[in-house]
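Right, one structure below, let's go through it.
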Amino acid sequence: MMRIGLAIALLLSSAAAQADQQCVSEAELGALVAAAAPPALNALTDRCSASLPEGDYLRTNGHALAQRFADVEYDKPLLVSGLGKFGGHKLPEAVSPASISSILNDMVAGEVRKMDPGHCKPASRLVASLSGMEPRAFISFVIAFFAIADVKKPSICRENG
């Protein structure tokens, strides 16, 4: 389970490297993870399917898992705020869903597409471990991971300062 959180942390942290060091609330992080998981899973499936054996979980079920995550509702203003804080995208609250999808594809899926194909088998094992997890539980796990791990970007805002 820790590897799953680390994988999402690495994806999100790569985009955060270009942004100001602002903290992200747990609610903003939840919206970011909910919105970023589908394009990341789809890009991973597209990137790795050709190099994985027939019957591999990612190859056969990756897009379906991405759809399960796509069905999770998230708070759009929190997503817009989170993208502004660590994604470097200052967006109006009235931004269209298509624009948000484009930004997320550039940020997250773009990083996945650059991944070394040698990492596909371990990535597939990570994705397979997600298969039984409800998307909301996964989002909660990632939030908890960011809160306890030494992840510098994005940093989680602490309620007590």
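Structure notes:
- Among the candidates P53, P38, residue that is in a loop (DSSP other than H, G, I, E, B) and either closer than 20 Å to F138 by Cβ or modelled with pLDDT of 90 or more (or both): P53
- Look at the range 129-158: where a residue is farther than 22 Å from G84 by Cα and modelled with pLDDT under 85 and a partner is of a type in the set (S, T, N, Q) and surrounded by 13 or more Cβ atoms within 10 Å (Cβ to Cβ), sitting 6+ places away or on another chain with Cβ atoms under 8 Å, you get S131/N61.
- Filtered by the rule that a residue be part of a loop (DSSP other than H, G, I, E, B) and surrounded by 15 or more Cβ atoms within 10 Å (Cβ to Cβ), the range 89-114 gives H89, L91, V95.
- Selection status of A66, assigned to a helix (DSSP H, G or I), among the aliphatic types (A, V, I, L, M) and surrounded by 23 or more Cβ atoms within 10 Å (Cβ to Cβ): no
The values are calculated or read from the model by the stated rules, or taken from the named source; none is laboratory data. Since the structure is predicted, the reported quantities are computational estimates derived from the model, not experimental observations. Counting neighbours? That spans all protein chains shown, and the Cβs are built from the backbone with ideal geometry, glycine included.
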